[in-house]
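The values are calculated or read from the model by the stated rules, or taken from the named source; none is laboratory data. Every value quoted in this text rests on a predicted model; they were computed, and no experiment measured them. In this analysis, Cβ positions are derived from the backbone assuming ideal geometry, glycine residues included, and neighbour counts consider all displayed protein chains. Heads up: the accessible areas ignore ligands, DNA and RNA and are worked out on the full protein's heavy atoms, side chains in. Shrake-Rupley method; radii C 1.70, N 1.55, O 1.52, S 1.80 Å.
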Amino acid sequence: MMRFGYVVATSCLLTSSLAGQASAPPPAVGTWDLTLTAPDGRPLPSWLEVHVSGNGVLVGRFQGVVGSVRPISRLTYANDTLRFSIPPQWEAGSADLQFAGVVAGEGLAGTITDPSGTPYPFTAVRAPALRRPTPPWAPALRLFNGKDLAGWHPVGGTNQWSAVSGVLTNAKGGANLVTDAVFTDFKLHVEVRYPPKGNSGVYLRGRHEVQVEDSVVTKADAEATGGLGAIYGFLIPNQNAAKGAGQWETLDVTLVGRLVTVVLNGKRIISEQEIPGPTGGALDSKEGTAGPIMLQGDHGPVEYRNLLITPAR
């Protein structure tokens, strides 16, 4: 018994000693909201997550301006500089995307060079936690009046949206449609109808896309992006509750801070899951601020009706 006690005590001391010797994680570890500057001067949103795996190896995830989030198998951090490279996704060019950023205080700044060799200077701030309790709710507001586009404005292309017999209709691929009003936490009710192989999305605060697609027909794509009701590239529904192309689908989404719940056609497919960051196609990466509702219209025809929002009081 004395020998066993001695071994345990020695083991505890050794463990304590090793724990004391463990180096602190580098300051680059964490989640970052990035703002890139395009060659024409436009600000573009992006997102980065860095964490330690095993014995000090840095790994992470990167969300580009468009597309879905990508894993990073290894990052290096030396001389205050964080670096990584990843294969291209939707960017033009065949080379790896290159990232180099210098940590200074609570900020990160550097350059992302895309696969075609174009440099994008960027700055970044640590992403806010956005942890808050469920708020009291104000009365519901109707986002679409059924007659015209009052309260909305197009962005990013030629407007193809119009009111047709009480339905908000996108005739073909063109601009996205954005509410003039902005919101923090809310409950959103949307009814949507898409054609075969249709693809759209509802952006919460203009940053987090609830995927709208024909996940019955485009099964291969749905497995990659999550299908109807997914948070694009981040959160996968627990079931396929879609009715299919040509039918009205009902989405009820609650967003409080980062916690999202999605109910599709009466079935809870995502329950109080945390959205890590902005998805591809976001308006900006300013996660700590209120944002609009945006309907994606750049992929093709889609219809929406009965858009209601219940904002936090």
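Laid out as a table, the results:
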{"quantity": "Neighbour-limited loop hits for trypsin sites (Lys or Arg not before Pro), the range 223-296 (at most 14 other Cβ within 10 Å; DSSP other than H, G, I, E, B)", "calculated": "243"}
{"quantity": "For the range 48-137, with +1 on Lys and Arg beta carbons and -1 on Asp and Glu, the positive-most of 68, 90, 79 along the dipole", "calculated": "68"}
{"quantity": "Cα-based Rg / Dmax (Å) for the chain", "calculated": "22.5, 86"}
{"quantity": "Reach of residue 172 by Cα under 17 Å, taken over aspartates and glutamates that are not fewer than 8 positions away in the same chain", "calculated": "213, 214, 298, 303"}
{"quantity": "Nearest-10 value in Å² for the accessible area of residue 51, using the 1.4 Å probe", "calculated": "80"}
{"quantity": "With every protein chain in place, the chain: carbon and sulfur % of accessible area (1.4 Å)", "calculated": "56"}
{"quantity": "Solvent exposure ordering (accessible area, 1.4 Å, most first) of 42, 207, 142", "calculated": "142, 42, 207"}
{"quantity": "Nearest-10 value in Å² for the accessible area of residue 123, using the 1.4 Å probe", "calculated": "80"}
{"quantity": "Ranking by accessible area, most exposed first, for 205, 132 with a 1.4 Å probe", "calculated": "132, 205"}
{"quantity": "Student exercise, the range 223-278 dipole from Lys, Arg, Asp, Glu Cβ charges, in Debye to nearest 20", "calculated": "80"}
{"quantity": "Probe 1.4 Å, accessible area per residue of the chain, Å²", "calculated": "48"}
{"quantity": "Amide H partners (placed H, <5 Å) of residue 58, local residues excluded", "calculated": "53, 75"}
{"quantity": "Two-site FRET efficiency, residue 131 against residue 53, from Cβ-Cβ distance with R₀ of 22 Å, rounded to 0.05", "calculated": "0.35"}
{"quantity": "Ranked order, 66, 103, 155 - accessible area, probe 1.4 Å, largest first", "calculated": "66, 155, 103"}
{"quantity": "Cβ charges +1 (Lys, Arg) and -1 (Asp, Glu), total dipole of the chain, debye", "calculated": "660"}
{"quantity": "Exposure of residue 97 as accessible area (Å², to 10), given a probe of 1.4 Å and all protein chains", "calculated": "10"}
